[in-house]
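Derivation of every value follows stated rules applied to the coordinates shown; laboratory data play no part. Quick caveat, the model's predicted, so the values are computed rather than measured. With ideal geometry, Cβ positions are generated from the backbone for all residues, glycine too; neighbour counts draw on all protein chains shown.
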Amino acid sequence: MTDFANPAAYVVEGLLVFFILWKIFSARRGQDLFIRRIPGLSVLDEAVGRATEMGRPMLYAPGMSGLDIVGLQSMSIMSHIIKRAANYSTRVIVPLCDPVLYTVAEEVAKDAYATQGVPELFIPEDIRYLTNQQFAWASGVVGIQHREKIATAFYFGAYAAEALILAENGQMVGAIQVAGTPSIIQIPFFLAACDYTIIGDEYYAASAYLSREPTLLGSLVGQDYGKLLMIGLVLIGVVGVTLVALQTRFHALAGVNHVFNEYFLKYFPRST
Amino acid sequence: MVNWLAAHSTSVAIWAGALCTFGIYTVLYKENKFYRFFEHIFIGLYGGYGVYVTWAEVLYPKWWKPMAEQGQWWWAFAAVVGSMFYFMYSNKHAWVSRVIFGMFMGFAAGGIFREFYEGYFPQIGSSMKPFTGGYANILSVLVFYVILLAAMSYFFFSFEHKHPMIKGSAAAGRWFLMVGFGAMFGATVMGRMTLFIGRLNFIIHSWAPEVATDWHYTWFKIASVAILVLAAALISYLAFRASKSGKTEAPE
Amino acid sequence: MMLHRISDALFPVAVHGRLLWVYIAAALIVGVLGLAGLMSVPPRYRKLVVAGITFLGGLYFSLEFLLPHQPIHVGAGTLPGSAGVAHFAEGLTNAKPSVADWAMIIGSFALLLGTSNLFAIHGKAVKKRTPGWYNSLAFFISFFAIMIVGFLKDSPIHGLNYHAAHTIQSASTSLYMILFNGFVQNLDATMFSLIAFYIVSAAYRAFRVRSAEAGLMMGTAGIIMLGLVPVGAWLTSWLPHTGPLASLRLESITYWLLIWPNMAVQRAIEFGLAIGWVAMSLRIWLSLERGSFFDRQL
Amino acid sequence: MNLLIKLQNIDRRILYVLVAIVLSVPVIMRPSKHPDFVFPEVQHAYDTIDSVKPGQIVLLSTSWGAGTKAENEPQTQALMRHMFAKHIKFAVMSWDPAGSEITFQSGEQVQKDVHATYGKDWVHLGYKTGAANAIISGLAENFPRVMKQDRKGTPLSELPAVSYVKNYKQIGVVVDITSVGLMSYWISYLTTPKHIPLIYCPTAVMSASAYPYLDSGQLKGMLNGVMGAVQYETLIGRGNVATDASATSWALSAAHIYIILLILLGNLGYLAAKRAGIHTGGSRLG
């Protein structure tokens, strides 16, 4: 069984696990971890401001998210937006397509208004469960976009083909649109039709930044160390393979290359 | 009747297919009752078919047959474990379903060590590209490294992008990402258009010949004309009603 | 030895005849009792049970991969205990087909989960005659129609004479073909193809080059859209097939874009996803996820 | 200028009718001409299938249903034709409930065309569901036990095409024809550890993200949507036969030009409106 005999697997995976767990636990013990500001987040405030200026409501659509990690993180971004909106008494309409996430959204929204000291601004009808059918949900949201003449639209969550439909109609009613999704395939369409798009992993970073949830923050920082490790491996490898290739011209490299091969390169399968 | 059905099931299926295709496409004009109706039929058929096929192709051969016909009685436990999923509908004991979901999630999560090794070690290895060969190759490899490193640095979150090198690299990273997203955009458009062309292929090469065959019958001609007239009347009525109410309907 | 014989007698590999049903019933009763035991776990231990089962579930594939499958040699001998570990690891590998069977069967039992949800929604609609309730009725009719003809076409009904059974089976086969090939396939394909139209209108009304980066994305997309299809090759067909100019042919540019810049970007995304995936798997496996939802009392 | 701004409000239904008309023309004409180029990844896929040794089968893992039939069926059928012609035995399995029936029909169609025999030249193993990682690693160790029977209920031992398949050693190539992401399971649990070539036939939507795997050799070849299928048809000597795929490739050319023109026109209108100071929605942020 040759595939279990690669010691590099233990070293690399062990380091990854170590970085992630180490950072999660130190964050939980209260260590303050730094997460850079995500450019898209400053846009959020600007977009809330614009809806206030125009005196029109905002739309927050969590896409096809259910009660999973993506959906819950969408809720923490929603909570942030509702808090901002509550300060200016701007309405936020949230259409949902998952009945379970709907109950969570209702609680989160109520909490957010209460935290800002304006529980009376919470309108139960603004958190709406439409339907669990993809396109039926999309046409329901489109109806809201046109009827309510929304000034700002936020799309945060798991998205599929409906992304395009929402973004097009948001564009038609002249809304400022900010999107963020870990569904990579939909990102190009958001980029083409929205004013600002939060790309891929930034979505997780944004929600960790806003929620300050220690496990998420720690995990994110640990992941950064993991990425650095991968970059490091690749860079060492480049030097190694280039030296090996140059050996035909500079024979003095043989000794160095032997070390590279024996202690590094042979553990990383390469197709040539 | 049975024999007629057996002989004509292909034609009937094609006609049904055309009906469904046009029924669904009416939504492009406007959200309407036909579309809703066909949508529900689809959900029903798909659900019913799923139950049938799961029994016929998985549960019967792999579970019922060994248990009830080959005497492997212990498969009865599988039914008890499987029933745990359904506790999610109970208010009091919903947590029991969390046990079985937890098991499946853990099962998937435990694969990560193998998946990372088999999936990504070859990727790390093949990212070690030597700067050798002709100028064209060296240029391509250089492009590869610049883009790889810049794009990866864009996704670093625990460093302030203040250091000029990181800042420049991350900014460039977002630019380079656009190339990848452009490729995905182009490919996605191609994929989606293919699906519509597939429908055209069906309408033109399966349904149209059926229409041509049936055109020999007088009753068919009369029925077709009647349907066309009815459809025209319906559309003009709808248009009239829309213009009278003076509202521009929201596009879907 | 004695114990072995007793256990073989009590738990035979296969049982036949009427005794089989006794065994099955006994197994069901034992299973239900176990389930009842699980249900009676006091609330404060429930989270522990879920976390424990999740952890055990994850242990199978991780140990199967991480444990050495051969005894570890130290000098002349082997590391004490490592032969046992290797034996255990090999056992895990050999259990893979059984694990596959159980995973497939238990996974299939979840098939009615989505369905029961739909039944609840549409059942309520029909019962209360909400607007559009006839659609919900159509849902039920089509659900049972295809399921019943599916079963009828596969197995003849017992207790009918040959002719009647044959007629029913033949009619079911035809109906099944009509429902599947006519309805299921075309409805699914048509629903999916709607997106093509949405792309068309979005292309005209929403895809705006608002910034240089959007321009870069659309430019790349344009080249690739042309280069992938025959018309791209035709556009630059005046360029030679060989020599330095050949690399300027649209399909060559497209291919270069795909295998170099695009590949680099996709790999950067993949690496990020991979690490994120490791982190998420660890959080799930060790039940580390926190937040309002996960902290709720079970 | 003004006209461009007015064109911004063109009814989308007109665009829809136009696209239907534009794309119908190549579909009705049904040209037999296949594109002049074959991407290396398609050539590699062809070569890999071509070099399967006797005593080994090709395992076609299909996870597509009616929704993406237009993309995945041409791929499936082109591969089947190649294998029938070269007498390479293959087994089809489906991860999609509807796909089980559809891929079986696709196989029957090709089989009728080339006079092959079910059971002897190919088999269909039916629908599989559950944890994909468990099933894939299980079939690698004990193929007949995990697969059990074909979709008609015949035990594998009675089907000459696959009766000799014991485990991964008798699997020469795995082909993943798919509209969802199962590829990583094949890579992790079978093809990379056991050094079995994997060929990937995704829908176009998923194709761009497969290039890192082609680069690393974890994928030996790829058929990108229907354009991959049409290039494969050229390789198996059907370059002059009018097929759905060839018609689609030309219809796609029309579609792409139409869409690029729409984007250009839409943006010209946007620029014109901006110059005229009319707000058409949205503004640049961040």
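Considering the convex hull of the alpha carbon atoms of chain B, report its projected area averaged over all viewing directions, in nm², one decimal. Could the numbers behind the result be given before it?
Working: hull surface 118.2 nm².
Seen from a random direction, the Cα hull of chain B projects 29.6 nm² on average.
If a/c stays under 1.5 just call it rounded; otherwise compare a/b with b/c (prolate if a/b is bigger, oblate if not). Do that for the range A:189-237, with a ≥ b ≥ c from the square roots of the Cα gyration tensor eigenvalues. Could you put the intermediate results ahead of the total?
Working: a/c = 5.17, a/b = 1.32, b/c = 3.90.
Here the range A:189-237 falls in the oblate category.
How big is D for the range A:160-215, in µm² s⁻¹ as a whole number, if Stokes-Einstein is applied with the Kirkwood radius of its Cα pairs at 25 °C and 0.890 mPa s? Could the numbers behind the result be given before it?
Values: Rh = 11.9 Å.
My calculation gives 206 µm²/s for D.
Dividing the alpha-carbon radius of gyration of the range B:74-128 by 2.2 N^0.38 Å (N being the number of residues), what value is obtained?
Values: Rg = 17.9 Å, N = 55, 2.2 N^0.38 = 10.1 Å.
Rg over 2.2 N^0.38 Å, computed on Cα atoms: 1.78.
Using just the C-alpha positions of the range C:156-298 as equal point scatterers, what log10 of I(q)/I(0) does the Debye formula give at each q in 0.11, 0.15, 0.18 1/Å?
Each listed q corresponds, in turn, to -0.86, -1.00, -1.13.
Need the list of lysines near D:Lys6 for cross-linking: C-alpha distance under 22 angstrom, and skip anything on the same chain fewer than eight residues off.
Reachable lysines: A:Lys149, B:Lys247, D:Lys274.
Over chain D, what is the mean sequence separation of C-alpha contacts under 8 Å (at least six apart), divided by residue count, expressed as relative contact order in percent?
Relative CO of chain D lands at 29 percent.
Against the longest principal axis of chain D, how steep is helix D:12-29, in degrees 0 to 90 to the nearest 10, with axes from Cα atoms?
50 degrees
On each of the three principal axes of the Cα atoms of the range A:136-261, give max minus min coordinate, whole Å, ordered largest first.
Principal extents (Cα only, largest first): 76, 36, 23 Å.
Give me the percent of Cα-Cα pairs in the range D:30-167 that sit more than 20 Å apart, rounded to a whole number.
On the way: 4632 of 9453 pairs.
Tail of the P(r) past 20 Å holds 49 percent of the pairs.
For B:Lys162, list the lysines whose Cα falls under 21 Å from its own Cα; do not include residues on the same chain fewer than 8 positions away.
Cross-link targets: A:Lys227.
State which entries of D:Lys89/D:Lys166; B:Lys30/D:Lys69; D:Lys120/D:Lys152; D:Lys53/D:Lys86 exceed 19 angstrom in Cα-Cα distance in the structure shown. Write down the numbers at each step before the final one.
Working: D:Lys89/D:Lys166 15 Å; B:Lys30/D:Lys69 26 Å; D:Lys120/D:Lys152 14 Å; D:Lys53/D:Lys86 11 Å.
In this structure, B:Lys30/D:Lys69 exceed 19 Å between Cα atoms.
Which residues in the range C:109-144 have a backbone N closer than 14 Å to a point placed 7 Å from the Cα of C:Val32 along the Cα-to-Cβ line?
none
Label-point separation (nm) for D:Leu18 and B:Phe131, each offset 7 Å from Cα along Cα-to-Cβ?
So the label points at D:Leu18 and B:Phe131 sit 5.0 nm apart.
Per-residue mean of other chain beta-carbon atoms within 10 angstrom of the beta-carbon, peptide A:207-213? Before the final figure, lay out the partial values.
Details: counts 0, 1, 1, 0, 2, 0, 4.
Per residue, the average neighbour count from other chains is 1.
Give the Debye-formula value of log10 I(q)/I(0) at each listed q (0.13 Å⁻¹), with one equal scatterer per alpha carbon of chain C, two decimals each.
After summing over all Cα pairs, the log10 values are -1.32.
Taking only complete DSSP H runs, can you tell me which helices of chain A stretch 30 Å or more along their own long axis by Cα positions and average at least 1.0 on the Kyte-Doolittle scale?
Details: long enough: A:7-28 (31 Å, 1.36); A:214-246 (48 Å, 1.63).
What comes out of the filter, once short or polar helices are dropped, is A:7-28, A:214-246.
If N is the number of residues in chain A, what value comes out of its Cα radius of gyration divided by 2.2 N^0.38 Å?
This ratio for chain A stands at 1.29.
Considering the range C:114-205, what Rg and Dmax in Å follow from its alpha-carbon atoms?
Cα radius of gyration and Dmax of the range C:114-205 are 18.7, 65 Å respectively.
Only sites in a loop by DSSP and with at most 11 other Cβ atoms within 10 Å count here; which trypsin sites (Lys or Arg not before Pro) in the range A:15-105 make the cut?
Numbers: sites: A:Lys23, A:Arg28, A:Arg29, A:Arg36, A:Arg37, A:Arg50, A:Lys83, A:Arg84, A:Arg91; in loops: A:Arg29, A:Arg36, A:Arg37, A:Arg91.
Loop-located and lightly packed - A:Arg29.
Using only the Cα atoms, what convex hull volume per residue in Å³ does the range A:82-205 have? Let's see the in-between values first.
Values: hull volume 13.1 nm³, N = 124.
Residue-normalised Cα hull volume stands at 106 Å³.
If you average the sequence gap of Cα pairs under 8 Å that are 6 or more apart and divide by the length of the range A:39-212, what percent do you get for the contact order?
Numbers: 326 pairs, mean separation 46.5, N = 174.
It rounds to 27 percent for the range A:39-212.
Bin width 10 Å, origin at 0, all Cα-Cα pairs of the range B:34-124: what percent of pairs per bin?
13, 21, 31, 25, 10, 0
Looking at the protein assembly as shown, what % of its DSSP beta bridges pair antiparallel, to the nearest 5? Mind showing how you got there, number by number?
Working: 3 of 46 bridges.
Around 5 percent antiparallel, to the nearest 5.
Rounded to the nearest 0.05, what FRET efficiency do C:Asp8 and B:Tyr60 have when you use their Cβ-Cβ distance and R0 = 35 Å? Intermediate values should be presented prior to the final figure.
Values: r = 29 Å, r/R0 = 0.83.
Efficiency, from the Cβ-Cβ distance: 0.75.
Please work out whether the range D:127-286 counts as rounded, prolate or oblate from its C-alpha gyration tensor, where a ≥ b ≥ c are the square roots of the eigenvalues and a/c under 1.5 means rounded, while otherwise a/b larger than b/c means prolate and anything else oblate?
It comes out prolate by the Cα gyration axes.
Once you average over the residues of A:222-233, how many Cβ atoms of partner chains fall within 10 Å of each Cβ?
Numbers: counts 5, 12, 6, 2, 7, 11, 5, 2, 9, 8, 0, 5.
The shielding value for this peptide is 6.
At q = 0.09, 0.13, 0.18 Å⁻¹, what log₁₀ I(q)/I(0) does the range C:1-154 have when each alpha carbon counts as one equal point scatterer in the Debye sum?
-0.65, -1.09, -1.25
Within 10 Å of each Cβ in C:132-143, how many Cβ atoms from other chains are there, averaged over the peptide?
Mean shielding by partner chains, rounded to a whole number: 6.
Project the alpha carbons of the range C:212-285 onto their principal axes and report the range along each, largest first, in whole Å.
The Cα atoms of the range C:212-285 stretch 58, 27, 20 Å along the principal axes, largest first.
I want to check the label-to-label distance for A:Gln116 and A:Val259. Put each point 7 Å from Cα in the C-beta direction and report it in nm to one decimal.
Each label point lies 7 Å from its Cα, and together they span 6.1 nm.
Across 5 Å bins from 0, what is the distribution of all Cα-Cα pair distances for chain D, in whole percents?
Once binned at 5 Å, the Cα pair distances of chain D give 1, 5, 11, 14, 16, 14, 10, 7, 6, 5, 4, 3, 2, 1, 0, 0.
Would you please give the FRET efficiency between A:Asp68 and D:Lys53, computed as 1/(1 + (r/R0)^6) with r the Cβ-Cβ distance and R0 = 51 Å, to the nearest 0.05?
On the way: r = 45 Å, r/R0 = 0.88.
Plugging the Cβ-Cβ distance into 1/(1 + (r/R0)^6) gives 0.70.
Report the paramagnetic label zone for C:His16: residues of the range B:62-91 whose backbone N is under 16 Å from a point 7 Å from Cα along the Cα-to-Cβ axis.
Taking a point 7 Å out along Cα→Cβ of C:His16, the residues of the range B:62-91 whose backbone N falls under 16 Å are B:66-73.
Using a Förster distance of 35 Å, how high is the FRET efficiency between C:His73 and D:Gln170, based on the Cβ-Cβ distance and rounded to 0.05? Write down the numbers at each step before the final one.
Values: r = 32 Å, r/R0 = 0.93.
With a Förster radius of 35 Å, E is 0.60.
Let me check the size of the range C:1-40 from its C-alpha atoms; what are the radius of gyration and Dmax in Å?
Calculated on Cα positions, Rg and Dmax stand at 13.0, 37 Å.
Provide the convex hull volume over Cα atoms per residue for the range D:22-86, in Å³. Could you put the intermediate results ahead of the total?
On the way: hull volume 8.8 nm³, N = 65.
Taking only Cα atoms, the range D:22-86 has a hull volume of 136 Å³ per residue.
In deg cm²/dmol and to the nearest 500, what is the mean residue ellipticity at 222 nm of chain B if only DSSP H runs of at least 4 residues count, each as -39500 (n - 2.57), divided by the residue total?
Working: 9 runs with 184 residues, N = 252.
Calculated from helices alone, the mean residue ellipticity at 222 nm is -25000 deg cm²/dmol.
Gap in Å between the Cα centre of the range A:21-42 and the Cα centre of the range D:1-66?
Comparing the Cα centres of the range D:1-66 and the range A:21-42, I get a distance of 45 Å.
Calculate the spin-label point distance for A:Arg128 paired with B:Glu160, positioning each point 7 Å from the Cα along the beta-carbon direction, and give it in nanometres.
4.4 nm
What are the extents of the Cα atoms of the protein assembly as shown along their three principal axes, listed from largest to smallest and rounded to whole Å?
Principal axes ranked by extent give 92, 86, 73 Å for the Cα atoms.
How many angstrom lie between the C-alpha centres of the range D:84-109 and the range C:122-143?
Between the Cα centre of the range D:84-109 and that of the range C:122-143, the gap is 36 Å.
With the Cα gyration tensor of the range C:135-186 in hand, convert its eigenvalues to equivalent ellipsoid semi-axes via √(5λ) and list them largest first in whole Å. Walk me through the numbers before you get to the answer.
Numbers: eigenvalues 110, 31, 10 Å².
Whole-Å semi-axes of the equivalent ellipsoid: 23, 12, 7.
Output the Kirkwood hydrodynamic radius of the range B:134-199, Cα pairs only, in Å rounded to one decimal. Walk me through the numbers before you get to the answer.
Working: mean 1/r = 0.0717 Å⁻¹.
About 13.9 Å for the range B:134-199.
How would you rank C:263-273, A:248-258, A:225-235, A:55-65, highest first, on the average number of other Cβ atoms within 10 Å across their residues? If you can, show how the numbers build up before the last one.
Values: C:263-273: 25.3, A:248-258: 11.1, A:225-235: 18.5, A:55-65: 23.3.
So the order, starting with the most tightly packed, is C:263-273, A:55-65, A:225-235, A:248-258.
Pairs of alpha-carbon atoms within less than 8 angstrom and 6+ residues apart define the contacts here; what relative contact order does the range D:43-104 have, in percent? Walk me through the numbers before you get to the answer.
Working: 59 pairs, mean separation 29.0, N = 62.
Across the range D:43-104, relative contact order equals 47 percent.
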